[in-house]
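Enquirer: Shown below is the structure under consideration.
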Amino acid sequence: MFALSSGMPPAAIGVVRISGPQARDALTMLAGRLPAARQASLADLRDSAGAALDRALILWFPGPATATGEDLAELHLHGGRAVVAAVEAALGAMPGLRPAIAGEFTRRAFDNGRIDLAEAEGLADLLAAETESQRVQALGHASGHVSRAVAGWQERLLGLMAGAEAELNFADEDDVETGDAVARRLMSGMAELSAELGAWLARPAAEVIAEGLSVVIAGPPNAGKSTLINALAQRELAIVSPVAGTTRDVIETPLALDGIAMRFSDTAGLRGEGADVIEAIGIDRAKAAVAGADILLWLGAPKDAPAHPRCIVIAAQADRWHGDAAAEAEAAHCDLALSAATGEGMDKLHKYIVEMARTLLPREGEAALRQRQRAALAEAKQWLEVETGSREASDLILLAERLRLAATALDRITGRAGVEEMLDALFGRFCIGK
């Protein structure tokens, strides 16, 4: 198979990758020779009829120590559309060669054991990353952060399983630990591992980083919510009007603050009376958005702020009430005073949001788990939890079975078991040249 693995032309360079048993013959036919392995070499490329295609750098990577685990060749062409198209046409005319489908290079790397499923998911996220936090998180996955942790857990499980099997099958040997001591050691090891898995499950989910934290702007009508989201987005996203009830639905926009992906939402003004039927629906949606918010920006009286674990109370429209003693007294009970119209307090709000957002993200060096990975880890943790003093706690056969089931659940994280149904969907996320 072959594909363009760099950006779409025109570009300075177009990298065409060829992988599989035909890679050697394809490179030899185009360049007239096979270069030294893993050394860039300049060559004149020609098609089967001898017509010149391009002068390019060629590289030869014999398998299995390659990105895909099989023979691999790369052509570093001039990146014009015509050049790339001519080379692809020449490759397509060769027997046994065909264009790759989306994600096929990475799929072959997985099938040939060059990467595991967690690393493949990290690579998919890395290709889709748009913010710094997404890049850092995806790079950790693609580099095997999660995979190494899983390998360590599996090694410990194997050690525990070996102890159980030794007692069950070789209890008559002099050097084999027997009796209650084996069960106590298994229970202790299972409890320690369960606690470690629980700590990983307590971390934020990877989807929070990929999809962005939800930041909801809420408050009574005419509190300045729409003006604030327009100022944050730096464009006229929401209609600003002195008429109460202008905003009747949740208006959402993606933004990145200090490299952290966020989804800011403007909501309908919250009031108990005077709303028509349509506005009432908007108010219900606003309340639902507040309930599901990761961070709440409340533009209203502090005493009316919803009970929320991460709420920033804002004294908005400061340009209108400076000098008003009552308003300034109420503002003293807010987290900050702000005027989206003049820019007063916007830098401070930015800092508040980022600091609060960082508490919801993994700490430096930590990896967040995808929903699929979290489910597998939660299942493994469940199998490791045995009540002390129960019948299972002293039954080595049942403990050994629990260890086996926990290991099977962990296997699904790295793709060693039970993942065929989702592989096509995963690798379909990649571009053709991946």
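The values are calculated or read from the model by the stated rules, or taken from the named source; none is laboratory data. All of these numbers come straight from a predicted model, not from anything done at the bench. Ideal geometry is used to build each Cβ from the backbone, glycine not excepted, and the neighbour counts take in all protein chains shown. Note: accessible area is taken over every heavy atom of the protein model, side chains too, but ligands, DNA and RNA are not part of it. Shrake-Rupley method; radii C 1.70, N 1.55, O 1.52, S 1.80 Å.
Enquirer: How do the helices (runs of 4 or more DSSP H) wholly within the stretch 276-332 filter down when requiring 2 or more residues that are among the β-branched types (Val, Ile, Thr): which remain?
Expert: Helices (runs of 4 or more DSSP H) meeting the threshold: 277-291.
Enquirer: Also: Would it be correct to say that Gln154 is farther than 15 Å from Glu366 by Cβ and either touching a Pro at 6+ places or on another chain (Cβ under 8 Å) or not hydrophobic (A, V, I, L, M, F, W, C) (or both)?
Expert: Considered against the rule, which asks whether it is farther than 15 Å from Glu366 by Cβ and either touching a Pro at 6+ places or on another chain (Cβ under 8 Å) or not hydrophobic (A, V, I, L, M, F, W, C) (or both), Gln154 comes out as yes.
Enquirer: Right, here's the next one. Name the helices (runs of 4 or more DSSP H) wholly inside the stretch 26-129 in which the number of residues that are acidic (Asp, Glu) is 2 or more.
Expert: 104-111, 117-128
Enquirer: Out of Ala65, Ala12, Ala43, Ala37, which single residue is free of Cβ contacts under 8 Å to residues at least 24 places away in the same chain and either surrounded by fewer than 16 Cβ atoms within 10 Å (Cβ to Cβ) or closer than 21 Å to Ile115 by Cα (or both)?
Expert: None of the others qualify; the one that does is Ala65.
Enquirer: Follow-up question, since we're still on this one. Test of understanding: among Ala233, Ala238, which residue is in contact with a Phe, Trp or Tyr (Cβ under 8 Å, 6 or more places away or on another chain), crowded, with 16+ Cβ neighbours inside 10 Å, at pLDDT below 85 and more than 30 Å from Leu384 (Cα to Cα)?
Expert: Criteria check complete, one pass: Ala233.
Enquirer: Exactly one of these conditions fails for Leu349: (1) crowded, with 19+ Cβ neighbours inside 10 Å; (2) closer than 30 Å to Thr408 by Cβ; (3) not hydroxyl-bearing (Ser, Thr, Tyr). Give me its number.
Expert: (2)
Enquirer: Restricting attention to the stretch 352-391, report how many residues are basic (Lys, Arg), open to solvent by 70 Å² or more (accessible area, probe 1.4 Å) and either modelled with pLDDT of 85 or more or farther than 20 Å from Arg135 by Cα (or both).
Expert: Number of matching residues: 2.
Enquirer: Let me ask something else about it. Going by what's in this entry, would Ala407 be described as part of a helix (DSSP H, G or I), farther than 30 Å from Ile209 by Cβ and open to solvent by less than 80 Å² (accessible area, probe 1.4 Å)?
Expert: For Ala407, the condition - part of a helix (DSSP H, G or I), farther than 30 Å from Ile209 by Cβ and open to solvent by less than 80 Å² (accessible area, probe 1.4 Å) - is not met.
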